[in-house]
Amino acid sequence: MSAHAFVSDPRQRTDGRYQVTSDQYNGYLGAMREHFGQNVDFGQLHKIYGRISTDGWYGGGQVIGAVPHVKIGRPEWSRISTSHVERTNLSVRMHLRRFTRLTNAHSKTLANMQAAVTLYVAWYNFVRTQKSLNATPAMKAGITDRVWTVQDSVQTTM
């Protein structure tokens with residue numbers, strides 16, 4: 001998927017002005033300009049990596065710093081961060097084995113993958129009580145007034 005396809009989707013689904021942060025991938029800047037124009041506060045986070053570790057399978061570098069850059073509009077400097085999406089990605093990988101690296105758990109069809117993700121999103125937002133919120137995300141957003149059962153979420157997603 002190209003940066004333009006990725007950025008055009010939230011533009012079509014949302015209204016108003018909001019802040020967006022991405023990594024340093026160059027394709028995002030042009031895509032943000034094309035699809036949002038000046039109606040966005042966009043920043044990029046440039047991560048600085050230290051010595052590459054040879055321990056384990058991946059041998060990835062360690063992040064030793066992160067420098068925010070304002071690209072479009074006036075994003076709030078302290079909120080130029082990729083931490084939220086990185087935490088979301090970790091949660092998905094921990095709960096859906098098919099997204100774990102080096103695994104034999106996979107979906108044989110796109111339909112199976114979509115069904116698994118749909119069920120996970122419904123469970124995460126409507127069934128699972130978040131300790132920090134003492135409620136589900138859907139309750140905090142005012143979408144529902146109760147914790148759903150797994151049966152509720154399955155009946156709604158089918």
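Every read-out reported here was derived from the displayed coordinates using simple, explicitly stated rules and does not represent laboratory data. Remember, predicted model here, so these are calculated numbers, not experimental data. Glycine gets a Cβ as well: all are built from the backbone with ideal geometry, and neighbour counts include every protein chain shown.
Summary of computed values
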{"read-out": "Estimated vicinal HN-Hα couplings, Hz - segment 139-156 in sequence order (Karplus 6.51, -1.76, 1.60; Gly, Pro = x)", "value": "5, 5, 7, x, 7, 9, 10, 8, 6, 7, 8, 4, 4, 4, 5, 5, 5, 6"}
{"read-out": "Förster-model FRET efficiency, 35 Å R0, Y49 and K131, C-beta, rounded to 0.05", "value": "0.65"}
{"read-out": "Neighbour net charge for Y120 - beta-carbon separation under 13 angstrom, K R +1, D E -1", "value": "+4"}
{"read-out": "Over segment 3-80, relative contact order from alpha-carbon pairs under 8 Å, at least 6 apart, %", "value": "30 percent"}
{"read-out": "Cα coordinate range in segment 3-80, projected on the principal axes (Å, largest first)", "value": "46, 26, 17"}
{"read-out": "Segment 94-140, relative contact order [Cα under 8 Å, separation at least 6], %", "value": "22 percent"}
{"read-out": "Per-residue HN-Hα couplings for segment 33-40 [Karplus 6.51, -1.76, 1.60; θ = phi - 60°; Hz; x = Gly/Pro]", "value": "4, 5, 8, 10, x, 9, 8, 7"}
{"read-out": "Gain on full stretching of the segment that runs from T100 to T156 - 0.36 nm per residue minus C-alpha separation", "value": "17.5 nm"}
{"read-out": "J(HN,Hα) series, segment 70-85, from Karplus relation 6.51 cos²θ - 1.76 cosθ + 1.60, nearest Hz, glycine and proline x", "value": "7, 10, 9, x, 10, x, 5, 3, 5, 9, 7, 7, 9, 4, 5, 5"}
{"read-out": "Label-point separation, I64 to R13 (7 Å along Cα→Cβ), nm", "value": "3.9 nm"}
{"read-out": "Paramagnetic reach from T144 in segment 89-123 [backbone N under 16 Å; point 7 Å along Cα→Cβ]", "value": "118-123"}
{"read-out": "Built amide H within the under 5 Å cut-off of A135, gap 5+", "value": "Q130"}
{"read-out": "Anisotropy class of segment 85-157 from Cα gyration tensor, a/c 1.5 cut", "value": "oblate"}
{"read-out": "A66 long-range amide H proximity, modeled H, under 5 Å", "value": "I48"}
{"read-out": "The chain, relative contact order in percent, only Cα pairs under 8 angstrom and at least six apart counted", "value": "14 percent"}
{"read-out": "Using alpha carbons only: equivalent-ellipsoid semi-axes of the chain, gyration tensor based, whole Å", "value": "30, 24, 17"}
